[in-house]
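Here is the structure we will look at, set down as structure tokens.
Computed from the coordinates by the stated procedures, all read-outs in this text should not be read as laboratory data. Bear in mind the structure is a predicted one, so any value in this text is a computation, not a measurement. Backbone-built Cβ (ideal geometry, glycine too); neighbour counts: all protein chains shown.
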Amino acid sequence: MFDALSLARQNIRNLAPYSSARDEFQGSAHVMLDANENAFGSPAVAGMNRYPDPRQRELKTRLAEICGVPNSNIFLGNGSDEAIDLLYRIFCHPGMDRVVICPPTYGMYKVYADINDVEALEVPLTGSFDLDVPRILLTGSATTKLLFICSPNNPTGNAMSRDSVLEIASGFSGVVVVDEAYGDFSDEPSLAGHIERFPNLVVLRTCSKAWGMAGLRIGIALASEPVIELLNRIKPPYNISGVAQEYALRGLRDRKAVEAWIADLKAERALLADRLAKIPSVQSVYPSNANFLLVRFNEADRIYDELVRHGIVVRNRSRLSGCENTLRITVGTPEENRRFLQVLEEIS
Ligand SMILES: *Cc1c(COP(=O)(O)O)cnc(C)c1O
């Protein structure tokens, strides 16, 4: 039976977390002399002389409605990257423990492994970019503490089979992190509904992609309470700034606009995929549940250079194993996509 606390490093289990002024007194009083703030005011924005809520209660209440899970199952990070780093620091002994990653995938899982001096065991995706379930389960052991699954996957765009992910969550002894940064663009439902049944499941979401708030740096981890408590225990007290909390609350009220953008984006994605498939230098356009397309070209490097020369920047993924000769193309506005296709047709 999975027990987050007993899987955590001993020093984290023993940690007495810092207790901030705003942890010890919540709410407002007439005279706030407890946090050494500037009582006279702020030269920047009204109210910014005060420390923000370290537990981000208002923001979590709104996100709880959107994600369909209670506040107590939500952790907020300074971007989902912070949640990834904290998970390493909670569960992985440097120089001893290991994690499993499934390339080609998001590069930060490996970067944080290297930063934390943790070995990343690679179980590559299959030829169709699906999870190799038997090999992943064989790689699990007492020292493999985390497994990262990106779904829809960056840079390939496909969503992983739910049954495969849940089979892995049942059979893997460590924490299974499912990164749904692109989940809002996917036809597959979120796995957030399964965090109660799978106490070792962490679902990552973000305000950076569909929600259009990458500049605010708000990442979301949804998990069982013991995992959330560990994340809260080791996070910097005020990890989400007051500005970010205020603006994110404002943005999250406008769900209608975001949903309309997502619908437009999906229509543009289909159009772009169709047009790309007809271009002679294009070998294949991979099916996408994300806001980008992975496209295999005859000569990706040349196409990339020519696009840059015409003022169009895409991501060259050709150096990743399994992604030879590919470019990752973010779906833009209709005008941007039309311009991109026009230039691509000229240079092909
Ligand atoms: C963009 C992206 C994120 C988002 O990171 P933030 O730190 O929340 O901006 C997370 N995971 C993947 C796979 C991404 O592509």
Just how large is the dipole of region 57-169 about the Cα centre, in debye to the nearest 20, putting +1 at every Lys and Arg Cβ and -1 at every Asp and Glu Cβ? 240 debye
Could you check the spin-label model distance between residue 339 and residue 167? Points 7 Å from the Cα along Cα→Cβ, value in nm. 4.6 nm
Looking only at 41, 157, 27, which one moves most when the chain is put into a Gaussian network model with springs between Cα atoms under 10 Å? 27
Gain upon complete extension [residue 313, residue 29; 0.36 nm per residue less C-alpha separation]: 97.1 nm
What distance in nm separates the two pseudo spin-label positions at residue 65 and residue 238, each 7 Å out from Cα along the beta-carbon direction? 2.8 nm
Measure nothing fancy, just the Cα-based angle from helix 255-277's long axis to the longest principal axis of the chain, in degrees from 0 to 90, nearest 10. 30 degrees
Beta bridges by DSSP in the chain, antiparallel share as percent, to the nearest 5: 55 percent
Compute the distance in nm between two label points, each set 7 Å from the Cα along the Cα-to-Cβ direction, one at residue 37 and one at residue 197. 4.4 nm
Helix axis angle, 57-67 relative to the chain longest principal axis, alpha carbon, degrees: 40 degrees
Among 93, 292, 170, which residue has its Cα furthest toward the positive end of the charge dipole of the chain, with +1 on Lys/Arg Cβ and -1 on Asp/Glu Cβ? 292
Dipole magnitude of the chain about its Cα centre (Cβ charges: Lys, Arg +1; Asp, Glu -1), debye to nearest 20: 260 debye
Report the Rg/Rh value for region 9-102, based on alpha-carbon coordinates and the Kirkwood definition of Rh. 1.06
Over the Cα atoms of the chain, what is the Rg over Rh ratio if Rh follows Kirkwood? 1.00
On full extension of the chain, what length is gained from residue 299 through residue 16, given 0.36 nm per residue of separation minus the C-alpha to C-alpha distance? 96.3 nm
Give me the angle, in degrees from 0 to 90, between the Cα long axis of helix 225-234 and the longest principal axis of the Cα atoms of the chain, rounded to the nearest 10. 80 degrees
Loop sites in region 1-36: chymotrypsin sites (Phe, Trp or Tyr not before Pro), DSSP, at most 13 other Cβ within 10 Å: 18, 25
Given the C-alpha atoms of region 207-304, compute the convex hull and give its volume per residue in Å³. 160 Å³
Simple Cβ-charge dipole of region 181-293, Lys/Arg +1 and Asp/Glu -1, about Cα centre, in debye nearest 20: 240 debye
Set the Förster radius R0 to 25 Å, insert the Cβ-Cβ distance between residue 257 and residue 188 as r into 1/(1 + (r/R0)^6), and round the FRET efficiency to 0.05. 0.60
Sparse-neighbour loop sites [GluC sites (Glu not before Pro); region 116-213; at most 14 other C-beta within 10 Å; DSSP]: 196
Would you mind getting me the FRET efficiency between residue 249 and residue 270? Use the beta-carbon distance for r and R0 = 35 Å, nearest 0.05. 0.60
